[in-house]
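The values are calculated or read from the model by the stated rules, or taken from the named source; none is laboratory data. Remember, predicted model here, so these are calculated numbers, not experimental data. The accessibility values were calculated without ligands, DNA or RNA, using every heavy atom of the protein model including side chains. Shrake-Rupley method; radii C 1.70, N 1.55, O 1.52, S 1.80 Å.
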Amino acid sequence: MLQSSLIKLNSSIGYLHDSPKTNCQRNNQVYFIINHNPLDSITTVSKINGLVLPLIIFNHFETTMKVKLGQSSIQESYNTFFASSLADESKRSGCFNVSNALSNDSIHTLELTIDTCSTTSKYRKSTTFYFLVFAYGWNISESGSPAETRLQVTAKLKKGNSLVYEKKYVINHSQPFVNSSIVNTNKLRSDFTTNMVEGLSFSTKECIEQIVADLNLSFYGSVPSVMQENNEPRIQNPAEIAQDSVKAVQPLLNEQNTSLKVESKKDQLKAGDQVMFFSFTTNSNIKGVVKEIKGETILIEYVTFGKLKTIEISKYDVRKTRPS
Amino acid sequence: MKNKLIFLIIISGCSFSCITPKYYVLKYSQIQSLDLDKSLVNYIPLEDELLRKSVVLDSSYSLLIHKKYMKLENYVKKTEESGVYSSDLLMAQTLSKITQQNYSGALISLERINDRRFSLLKSLLIIDLNYENERMAGVPDFKKYLLKYQDLIDTHSDNLVLKRIVSLRLRFLRYNY
């Protein structure tokens with residue numbers, strides 16, 4: 001019954017792009033290939049557990065159901081949405097051009113495979129019936145839970161037949177259920193569907209922003225907002241840096257959002273030096289600039305996903321890079 | 001008869017106070033300190049500087065934050081009757097109509113404002129009010145308004161408060177509130 005009701009409801013998928021627009025040099029062409037989407041065709045409902053309390057003057061029934069989002073609850077095709085969002089984000093914050101056709105070997109190919117795309121949520125229905133000799137009453141209530149999205153995408157960047165990099169993006173997102181004062185069951189179910197679609201929208205946004213940031217990183221070894229200042233890349237090509245031996249040595253626990261481990265200690269550092277460390281979150285090298293030296297630790301400014309961040313780490317745990 | 005009258009007054013008073021506005025006017029400085037991620041309210045941002053320089057707007061703002069909507073309506077009417085006619089008054093009129101959920105009336109007042117000080121606020125409110133008017137007639141097109149808000153935040157990309165406010169607006173759009 002819940003399934004037949006949810007199948008009739010759908011919501012529009014979309015989000016606001018809040019990454020900064022860049023006007024960096026776009027010397028590279030990327031052709032996107034997006035492989036199949038494992039999103040279910042229809043939204044499905046399965047029972048998780050139930051509770052029955054059949055007492056003399058009081059009866060209580062409760063059922064918790066697991067709802068898995070399917071394409072039927074999304075107004076637009078998810079595949080099309082993913083592709084268009086990727087193209088839009090590339091145009092905004094990407095330092096490369098999106099190619100419509102694979103014409104020659106100079107074009108990079110980004111092969112994306114959506115391995116997992118699952119959005120689930122719990123829906124609870126409860127009915128209470130109570131009666132005395134001449135009086136009786138009942139209460140029926142329904143409620144939703146936060147939508148949990150797991151999106152896993154494998155990206156392979158190739159130039160010609162050679163693989164430049166391969167990476168798995170795993171996004172786990174929890175979208176809080178909006179507690180509205182509206183008690184109408186139809187509105188509640190509609191909001192429940194919208195909540196799941198909203199969760200998928202934000203997960204896709206997060207994933208796409210990471211993909212574009214990594215593409216920038218692989219082409220220039222930096223992210224666009226750094227380039228925006230003088231319209232040209234400031235840090236050398238990572239291919240040159242990759243020739244040096246790199247050993248990850250130590251996780252940094254004092255960073256809230258970005259778990260980092262850094263690379264071999266080397267030169268004496270000073271403010272303004274360009275350095276590099278490794279991020280577990282983006283699973284890639286991150287370039288930054290030394291802002292301040294504080295004894296054994298240094299303050300590094302770096303840009304991730306279009307945002308300027310600062311991290312304080314041991315000066316022995318970063319690798320100096322050559323200035324461009 | 002007297003009892004019936006008192007009863008009617010109580011009922012009408014209750015019904016009026018039950019109209020909760022969808023949009024709350026707040027100063028930029030106050031919005032910046034709010035945790036908007038947990039908020040389910042649409043905010044109309046007013047620049048602190050604007051309020052400092054305009055008596056009409058400052059008085060209207062005080063009435064709005066104290067939820068004296070009837071007093072605001074009377075204040076706007078009296079100011080208009082006294083011959084004071086300015087963009088500030090038109091903005092106060094717009095805000096007053098928004099709190100009364102008279103969105104088409106608010107749009108008419110808003111479109112008469114030609115003051116550059118209000119250009120950003122005007123752009124934001126035009127999208128909001130068109131959405132509200134369309135919503136009264138049916139379900140508005142989510143994509144259409146998403147693009148309009150996207151254009152607005154891209155035009156004012158440095159304005160982080162606007163970005164946060166528009167994210168909230170989008171939540172309302174998505175859920176069709």
Would you mind computing the Rg to Rh ratio of region A:2-224 from its alpha-carbon coordinates, Kirkwood style for Rh?
-> 1.15
Interface residues, region B:145-171 - accessible area loss of 50 Å² or more versus chain alone, probe 1.4 Å = B:Gln150, B:Asp154
Set A:Lys8/B:Lys148; B:Lys67/B:Lys148; A:Lys158/B:Lys163; B:Lys27/B:Lys53; A:Lys21/A:Lys159, cut-off 24 Å on Cα-Cα distance; pairs above it are A:Lys8/B:Lys148; B:Lys67/B:Lys148; A:Lys158/B:Lys163; A:Lys21/A:Lys159
Karplus 3J(HN,Hα) series, Hz, for region A:63-80 with 6.51 cos²θ - 1.76 cosθ + 1.60 (x for Gly, Pro) = 9, 10, 10, 9, 10, 10, 5, x, 4, 4, 8, 10, 5, 9, 5, 5, 4, 5
Would you jot down the residues in region A:3-32 that end up with at least 10 Å² less accessible area in the complete protein assembly than in the chain alone, with a 1.4 Å probe?
-> A:Ser12, A:Ile13, A:Gly14, A:Tyr15, A:Leu16, A:His17, A:Asp18, A:Lys21
Enumerate the amide H contacts of B:Ile44 below 5 Å, restricted to partners 5 or more residues apart or on another chain; note that Pro and chain-start residues carry no placed amide H.
-> B:Tyr24, B:Val25, B:Leu26
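Could you run the numbers on buried accessible area between B and A, total for both chains, 1.4 angstrom probe, in Å² to the nearest 100?
Values: alone 10400 and 16780 Å², together 25630 Å².
Approximately 1600 Å², summed over both chains.
Once you have a ≥ b ≥ c as the square roots of the Cα gyration tensor eigenvalues for region B:78-118, tell me rounded if a/c is under 1.5, and otherwise prolate or oblate according to whether a/b is larger than b/c.
Taking the square roots of the gyration eigenvalues as a ≥ b ≥ c, region B:78-118 is oblate.
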Is region B:46-97 rounded, prolate or oblate when judged by the Cα gyration tensor, a ≥ b ≥ c being the square roots of its eigenvalues, rounded requiring a/c under 1.5 and prolate requiring a/b larger than b/c?
-> oblate
Can you give me the Cα centroid spacing of region A:147-196 and region A:1-75 in angstrom?
-> 8
Solvent-accessible area, 1.4 Å probe, carbon plus sulfur percent, for region A:2-224 | 53
